[in-house]
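As structure tokens, the structure follows; a few thoughts come after it.
What follows draws every value from the coordinates through simple rules; no lab data is involved. The structure displayed is predicted, hence computed values, not measured ones. Here the Cβ positions follow ideal geometry from the backbone for every residue, glycine too, while neighbour counts run over all protein chains shown.
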Amino acid sequence: MTLQVASAIGTGQDVRTSEGQPGWLVVAEQECRDLWASGRGLILLFLFSVLVSAVAYLTSTNLALNFLEQRESVNLVLQFAVAVGVLATLVVSADGISGERERGTLETLLVTPVSRRSIIIGKLIAALTLWFATFLISIPYLWVLGRDVGILGPALALGFSVGTLLAVGLGSIGLLISAASNSNKTSVGASIFLLLILFAPTQLPSGLPQGWFFEALLRANPVASGLAYISSLLVEGHSWTQDLSYLITPLLTAIIAGGALVLAGPQLVRLTRGVTAG
Amino acid sequence: MTSVTVEAVELTKRYGAYTAVEAVSFSASQGEIIGLLGPNGAGKTTTIRMLTTVLEPSSGEYSIAGHPSRSATEIRRSIGVLPESSGYPSHQTGAEYLRFHARLYGKSHGQARSLSAELLAAVGLEKRGRSRISTYSRGMRQRLGIARALVNDPVVVFLDEPTLGLDPAGQAQVLDLIRTIANARDATVVLSTHLLPEVEQVCSKVVILNHGRVVGAGSVGEVIDAALIEHSAQLRVPLHLVARARQALTNLPGLTIEQVEGQPDLLRIAVETPGAASGASPVEAMNAGLTAVAAAGIPVLRFELEGARLSDAFLKMTSEAVA
């Protein structure tokens, strides 16, 4: 008998609603509703608000005691907002496929005509809304800290650009890990571990030691190099183009991870063997 | 005119050296309810997952609603599925859940809203549509799952263990729904289960799987006949008329009569070789015996056929395959 393998990935035309909405948008809409209406997104946002308030309070007291310059305090809060926003995006992404698999809701999605690619794109977009929300929340804090030194506009543009690149890159990695993991705990744990590894070098008290090796290490790390770019502009007063090379890794991460998610992700979105034997 | 809507030819699924499903072939027509039976691990769910495009077969072909296996998207547009142990987003309401799935099939917001209301009413959940799914009982969730399987008005509906864990009332409601799907919607229903009484109630055709292979297929009657089970019956008559009953039965060809040990008013009647003695089927031979006893003026207190049920055929076929 000739083997006629079913195209389980679905190569046919994707769904479009009678209003013209593509399948990924339908998935994104529902995922956003699930994220925000279920309260999960709001809880994460509330925790972020508490933390950013504490960080802003500490930096402003340091500012009053002349321990910190105003530019440094803006940089600190912005870096915190980017790091936590990206972390939240990563955690939500990491739950995207493995969570559905564990809750037994993935199969009902897979038997609909919406392609697997649309499913993961919709999930990534929903996860990114968490980054955008954390960024919005941090705006008033940045305004209070940076209003007198005229860096609010650049800080916001910078934070938004770098943060979005990192959120797309790491959110895509989170979804790829989630699709490849059989357990949700493994997926979320691995994603948080990844972020901690990437984020740790930025938290060393005196930064990374000097030397070409550590410079290479910094530039290979998308989070560290993205945050270094923010510092170089806000604290050291460099121009936009002076240290642009710091953005290569965040940009490549977003392109490569996003591309891998769109191209290879659909192959990973499947029920694994042994879900049931019947 | 009915058409073939499900056709599986030599479907096989292997995971390395392990073969989950081997060369499974069957077909079903429009409006038919076909039961996919088998003990746990027989390959029912794997077969359904292949037919619903969730798993790729290792070899073999299938077509659903005329679409060949390579047209996965077209197949998905034509089917409705209630997976085994399907999960539900507990924070969503029943109506919201159905609306989302209707949107996944290309319905507009308005169409999805009216379809959701219509389907909730069809499965008897119209009053609970605005409640969160977390507040639903298991039976209500199963009915919601069936409603979801109908959002695209499917040609074929796959139901994997839809009555699992339900109480008798819940089972009856789900079975009623299944009949309605086949009769009113003229859809083919592929029902996977290991509860045989429900299959006898609703299925026009069955496929019995064991260890991934088909060990029996056809109508319920055909499967029972194919199992070649010894057909027998237990006959209870008043104690003082037992001898007369034996006398009446002895004259019939092909029947063996014996006393049930410890129960003097109970006779066991067996068909010696099904169909061989008189050319009649085992059931006809039994009917002839019952008629003879009644004609002799003996009141029949109990007459119970044994070996003529689907469960007997199922047990014989699956145990033979193990042996």
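Structure data summary
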read-out	value
In sequence order, calculated HN-Hα J values of region B:187-203 (Karplus, 6.51, -1.76, 1.60; Hz; x Gly/Pro)	9, 7, 10, 9, 10, 9, 6, 10, 9, 6, x, 5, 5, 4, 6, 10, 8
All-pairs Cα distance distribution in chain B, expressed in whole percent, bin size 20 Å	28, 45, 23, 3
About the Cα centre, charge dipole magnitude for the protein assembly as shown (Lys/Arg +1, Asp/Glu -1 at Cβ), debye	900 debye
Which of A:234, B:191, B:252 has the fewest Cβ neighbours within 10 Å, and the rest in rising order	B:252, A:234, B:191
Between 0 and 90°, nearest 10: helix A:40-64 axis offset from chain A longest Cα axis	10 degrees
Folded to 0 to 90 degrees: helix A:152-180 orientation relative to chain A principal axis, Cα	30 degrees
Cut-off under 5 Å, modelled amide H: who pairs with residue B:166 long-range	none
Neighbour-count ranking [beta-carbon atoms within 10 angstrom, fewest first] of A:34, A:95	A:34, A:95
Percent of Cα pairs exceeding the 30 Å cut-off, where the set is region A:23-268	28 percent
Tilt relative to chain A, helix A:116-146 - C-alpha long axis, 0 to 90 degrees, to 10	20 degrees
Sum of side-chain charges, residue B:110 neighbourhood, beta-carbon under 14 Å (Lys, Arg +1; Asp, Glu -1)	+2
Of A:157, B:146, B:48, farthest towards positive along the dipole that unit charges on Lys, Arg, Asp, Glu beta carbons give the protein assembly as shown	A:157
Dipole moment magnitude, nearest 20 debye, region B:232-306 about Cα centre, only Lys, Arg, Asp, Glu C-beta charged	240 debye
Residue order, fewest to most surrounding Cβ atoms within 10 angstrom, among A:212, A:24, A:240, A:36	A:212, A:240, A:36, A:24
DSSP beta bridge pairing in the protein assembly as shown, given as percent antiparallel to the nearest 5	65 percent
